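The block underneath contains the structure these notes are about, expressed in structure tokens.
Throughout, read-outs are computed from the coordinates displayed, never taken from laboratory work. Only a predicted model underlies this, so the values are computations on that prediction, with no experimental measurement involved. FYI the Cβ positions are ideal-geometry reconstructions off the backbone, even for glycines, and counts take in every protein chain you see.
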Amino acid sequence: MSPERGDSDRKRPRLAPVAVLADCFEAGVEQATVFVSPITDRKLISGVIQRLTNESPLQKFPHLKRVRRTESGMEIILCTDKDDLAKLTSIEGIDVDRIREHKVALNAPLTRTQYQESSLLWPTHFHENKEIESSLDGTFFEVQELQRIHELMRATIIHSNDADKEDSNAVTIVNPATDTVLAMASSCRDEHPALHATLVALDLVARLQGGGAWQTGIPTRAVEEEAQVPFDEEVPYICTGYDVYMLREPCAMCAMALVHSRIRRAFYGVADPIHGSLGSRYKIHCLGGLNHSFKVWKSIMPRECRRALNRINLVSY
């Protein structure tokens, strides 16, 4: 991942992949209502905060700062429930006659954009996740990493051309630790309806580990012999730590197969608004309760991928 950069340098590179994150990172700021009051004397702020902390803690809003400065003075959040106001009006320093409702951010901000929007409502605590921020602004990958990502997607496109089949997709699986291409495959749904390109590629990797479920005339780029794993060696669970490159966003079946095979990252060129399950219709990689999750990046060489898909007359998945 890129080192920290100044704001002037953090501009999305023109060809940077787009991170597919959970909806919570891209959502707008939901609002909630609290009750606030001006503080009559700045010298009393410390005592007011102590009393409110004991009698009306902001348990549902730990991300909010209790006090804010305004042009007319200081304001403080009293409580979130109107029924609690009665027991607080006796606190010295609260301007009882000017208590009012005020909108604040309901949830803690997860991104800098959310933080800035939340802070317009009321001062908010924020702990920046640099990995998320660099994913959002396109600076996650170094130039050399971007070049390799494009090389691998270009190889996937070339394989789709070589496959020379109608109604086909193309998938490449790579071991990034050794920079080794383990498998390249196209879909074989003419042989079996379940043989989407992703499942074919996963099965090829399983073959390298002495497994594999399908015996078909799969159009593949022969996997490298040095990638073969002797039977007596310990092997990873199918695709643990591996990266997958796809021309087109996978369907739900293929996306779940990627979850179960425990890939590290998925990259695709073209979104599928009808069946796409890694960003378009669903975000299966972001679902809670699954035994694995992985990172997804889209829009890698989208024009080239779309041209390849149009050439092979891809109509679904």
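Here are some notes:
- Using only alpha-carbon positions in the range 29-135, the gyration tensor eigenvalues give semi-axes of 27, 14, 12 Å once each is multiplied by 5 and square-rooted (largest first).
- Each helix, a run of at least 4 DSSP H residues, gives -39500 (n - 2.57); summed and divided by the residues of the chain, these come to -8000 deg cm²/dmol at 222 nm.
- Cα lying deepest toward the dipole's positive end in the chain, options Leu146, Ser134, Ser187, charges on Cβ: Ser134
- With Rh defined as the Kirkwood radius, the inverse of the mean 1/r over Cα pairs, the Rg/Rh of the range 74-168 is 1.39.
- Inter-part distance where the range 71-102 and the range 178-204 are each reduced to a Cα centre, Å: 64 Å
- Degrees, to the nearest 10: 143-163 long Cα axis against longest axis of the chain: 40 degrees
- Amide H contacts of Ile94 (H built 1.01 Å from N, in plane; Pro and chain starts excluded): Thr40 sit under 5 Å, all sequence-distant by 5 or more or on other chains.
- For the chain, lysine pairs separated by 8 or more sequence positions, or belonging to different chains, with Cα-Cα distances below 18 Å total 9.
- A Cβ-based charge dipole, computed about the Cα centre of the chain with Lys and Arg at +1 and Asp and Glu at -1, lands at about 900 debye.
- Distance histogram for the chain (every C-alpha pair counted, 20 angstrom bins, percent rounded to whole numbers): 28, 39, 23, 10, 0
- Highest-first packing order for the peptide set 142-152, 262-272 is 262-272, 142-152, based on the mean count of other beta carbon atoms within 10 Å.
- Each residue of the range 95-100 is assigned a 3J(HN,Hα), and the resulting list reads 8, 4, 6, 10, 5, 8 Hz, derived from the Karplus form 6.51 cos²θ - 1.76 cosθ + 1.60 (θ = phi - 60°), x at Gly and Pro.
- Cβ-based net charge around Val174, under 10 Å, with every Lys or Arg adding one and every Asp or Glu removing one: +1
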